[in-house]
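Just below is one structure, and these are the notes that go with it.
Coordinate-derived values only; no laboratory data. Just so it is clear, the model here is predicted, and its values are computed rather than measured. Note that each Cβ is placed from the backbone with ideal geometry, even for glycine, and that neighbours are counted across all protein chains shown.
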Amino acid sequence: MIDSRAFLDKINPLLQEAADAGINGYLITSFATEEKLADFRKDCAFDHTIYVADDILLKTIIRSNPGVVLMKGGTILKKWHYRHVPSFSEIRNRWMNESR
């Protein structure tokens, strides 16, 4: 079961700020049907690209549901449980500088 408040309050605003800064954000889920994806988009007001992957793969990458993974060039820089996701400005300042 997806916590729609997590998306409405934390994840969607973060992804929108990233998009405004020219940074792509994606959702990767194990939802298998178009109906489930449509319900999710509606319930969570989610307007970004969604990919589907095996749930074991997702559990290997991040152990929280939902969670946020920051990647650059195929390397995982940081992972957060949705309750601990910092602001976009903090993410950009701490983990997205050009020297990394």
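Listed by chain and number, the aspartates and glutamates whose C-alpha is less than 16 Å from the C-alpha of K36, apart from same-chain residues fewer than 8 away, are D3, D47, D54, D55. Counting neighbouring Cβ atoms within 10 Å and putting the fewest first, the residues R92, R5 line up as R5, R92.
By the rule of a C-alpha distance below 15 Å, with chain neighbours fewer than 8 residues away ignored, the aspartates and glutamates paired with K78 are E90. Each Lys and Arg contributes +1 and each Asp and Glu -1, all at the Cβ; summed about the Cα centre of the range 1-93, the dipole is approximately 420 debye. Classify the range 36-91 as rounded, prolate or oblate from the Cα gyration tensor: take a ≥ b ≥ c as the square roots of its eigenvalues, call it rounded if a/c is under 1.5, otherwise prolate when a/b beats b/c and oblate if not. Judged from the Cα gyration tensor, the range 36-91 comes out oblate (a/c at least 1.5, b/c at or above a/b).
Find the relative contact order for the chain and round it to a whole percent, using C-alpha pairs within less than 8 Å whose residues are 6+ positions apart. It would help to have the intermediate numbers written out before the result.
Numbers: 91 pairs, mean separation 26.4, N = 100.
So the answer I get is 26 percent.
In the chain, the DSSP-assigned H stretches of four residues or longer account for a calculated mean residue ellipticity at 222 nm of -10000 deg cm²/dmol, using -39500 (n - 2.57) per stretch and the full residue count as denominator.
In this structure, K59 and N93 have a Cβ-Cβ separation that, at R0 = 41 Å, corresponds to a calculated FRET efficiency of about 0.85. Choose one of L58, A32, L8: the residue whose Cα lies farthest towards the positive end of the charge dipole of the range 4-95 (beta-carbon charges +1 Lys, Arg; -1 Asp, Glu; about the Cα centre). Result: L58. For the pair D39 and D3, label points projected 7 Å from Cα toward Cβ lie 2.0 nm apart.
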